[in-house]
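The values are calculated or read from the model by the stated rules, or taken from the named source; none is laboratory data. Since the model is a prediction, treat every value here as computed from it, not as a measurement. Here the Cβ positions follow ideal geometry from the backbone for every residue, glycine too, while neighbour counts run over all protein chains shown. All accessible areas refer to the heavy atoms of the entire protein, side chains included, with ligands and DNA or RNA removed. Shrake-Rupley method; radii C 1.70, N 1.55, O 1.52, S 1.80 Å.
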Amino acid sequence: MENQIARVRLIPLRPDVQARTCLGKTRIYELIAAGNFPQPVRLGRRIAFVEQEIDAWILQRMAERITAAA
């Protein structure tokens, strides 16, 4: 488990997650509440997201786009 934790990279909502997803903070929170976005990791009063989960979410959106076009 220690190796897995060492490989996890946390990224902040602002500016990283917003820039990667092109979504605003309010929309991201709406998607989280609906269960359609990765859950954040609470770090005291701040939150961050697991970079790999955000990347996977983006790739899933891309796959859905390709499937819808086919």
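Does T67 fit the bill of being exposed (fewer than 10 other Cβ atoms within 10 Å of the Cβ) and either of a type outside the set (V, I, T) or at pLDDT 95 or above (or both)? Criteria not met by T67.
Inclusion of Q52 among residues that are among the polar types (S, T, N, Q), in a helix (DSSP H, G or I), under 21 Å from R7 (Cα atoms) and open to solvent by 80 Å² or more (accessible area, probe 1.4 Å) is warranted. Filter segment 41-67 for residues that are farther than 14 Å from R9 by Cβ and not charged (D, E, K, R) and give the result. Once the filter is applied, which keeps residues that are farther than 14 Å from R9 by Cβ and not charged (D, E, K, R), segment 41-67 yields G44, I47, W57, I58, L59, Q60, M62, A63, I66, T67. Residue pairs whose Cβ atoms lie under 8 Å apart, separated by 6 or more positions or on different chains, with the first residue in segment 47-70 and touching a residue at least 60 places away in the same chain (Cβ under 8 Å) and the second acidic (D, E), do not occur.
Might you check whether a residue that is open to solvent by 70 Å² or more (accessible area, probe 1.4 Å) and at pLDDT below 95 occurs anywhere in segment 20-43? Yes: one or more hits.
Residue-level check: of (1) open to solvent by less than 80 Å² (accessible area, probe 1.4 Å); (2) out of contact with any helix residue (DSSP H, G or I) (no Cβ under 9 Å at 6 or more places or on another chain), I47 misses just (2).
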